[in-house]
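Below is one structure, written out as structure tokens; the observations come after it.
The values are calculated or read from the model by the stated rules, or taken from the named source; none is laboratory data. These numbers were taken from a predicted model, which means no experiment stands behind them. Positions of Cβ are backbone-derived with ideal geometry, glycine not excepted, and every protein chain shown enters the neighbour counts.
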């Protein structure tokens, strides 16, 4: 007689804005065209470095200055007519790598989640009325291991063949969205939930385990199997894994 096992995925998720790099005002002004602001990587883990590139073209005039902003706060400026040509303005949390920053690039060191938001570069020409253009893009900084309150529950912990048991994988997300929840027997994965994929569920054939998704919803599915011993649930954010015996 097979035993029936229900698996529950319980999650509190905090999502982040996934706005892609965008351009603001790319029309020519006084021989200047600002095409875009590129942020690499646009979504980055806490503690990593980020490179921002201001892509622009000038025709008739030279550059007067290139200014960089987080929101409305200027944090870096390139002015070729001044000495020194570069200047860093203190903005809480922003650390600029002076050696790798110049008229087109700014490198931010060891970014943290509070630095998520919109950034812009403003290019100003050395010409009458100082024509200028601005490009804007978004940066998202996510935590490393944005996972807490991990618990694997099996109820009842000891069952007879043919009886039912419930497996519950309980977790809470902080900085990052859920990537996947994976279920194992020993080292062998037999079931996966990936909300960003279509379909969101995936079954891996394993001797003695049959998966029935008839009762499946976003947080629950029914597994039918036999000879079930050790089960793990693993997480695609940190690779954290819990195990319990059945």
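Could you grab me the full set of residues in segment 72-104 that are in contact (Cβ under 8 Å) with a residue 24 or more places away in the chain, in contact with a strand residue (DSSP E or B) (Cβ under 6 Å, 6 or more places away or on another chain), in a loop (DSSP other than H, G, I, E, B) and closer than 19 Å to residue 135 by Cβ?
94, 101, 103, 104
Can you say whether residue 107 is within 13 Å of residue 52 (Cα to Cα), touching a helix residue (DSSP H, G or I) at 6+ places or on another chain (Cβ under 6 Å) and in contact (Cβ under 8 Å) with a residue 24 or more places away in the chain, as far as the supplied structure shows? I'd like the intermediate steps shown before the answer.
On the way: within 13 Å of residue 52 (Cα to Cα): yes; touching a helix residue (DSSP H, G or I) at 6+ places or on another chain (Cβ under 6 Å): yes; in contact (Cβ under 8 Å) with a residue 24 or more places away in the chain: yes.
The answer is yes for residue 107.
Only one residue in 210, 217 is modelled with pLDDT under 75, more than 30 Å from residue 68 (Cβ to Cβ) and either in contact with a strand residue (DSSP E or B) (Cβ under 7 Å, 6 or more places away or on another chain) or in the same structural domain as residue 108 (by TED's automatic domain parsing) (or both). Which one? Give the derivation first.
Details: 217 fails: either in contact with a strand residue (DSSP E or B) (Cβ under 7 Å, 6 or more places away or on another chain) or in the same structural domain as residue 108 (by TED's automatic domain parsing) (or both).
Result: 210 is the single residue among 210, 217 that is modelled with pLDDT under 75, more than 30 Å from residue 68 (Cβ to Cβ) and either in contact with a strand residue (DSSP E or B) (Cβ under 7 Å, 6 or more places away or on another chain) or in the same structural domain as residue 108 (by TED's automatic domain parsing) (or both).
Scan segment 108-129 for residues that are in a strand (DSSP E or B) and under 14 Å from residue 70 (Cβ atoms) and report the count. Reasoning before the result, please.
The initial filter retains those residues of segment 108-129 that are in a strand (DSSP E or B), namely 108, 117-125.
Applying the additional criterion that residues be under 14 Å from residue 70 (Cβ atoms) yields 108, 117-122.
Within segment 108-129, residues that are in a strand (DSSP E or B) and under 14 Å from residue 70 (Cβ atoms) number 7.
Looking only at segment 117-128, filter to residues that are over 17 Å from residue 38 (Cβ atoms) and surrounded by 13 or more Cβ atoms within 10 Å (Cβ to Cβ); which one of those is farthest from the chain's Cα centre (by Cα)?
So the first thing to find is which residues in segment 117-128 are over 17 Å from residue 38 (Cβ atoms), and the list is 124-128.
This time we only want the ones that are surrounded by 13 or more Cβ atoms within 10 Å (Cβ to Cβ), so: 124-127.
Values: 124: 33, 125: 36, 126: 39, 127: 41 Å.
That would be 127.
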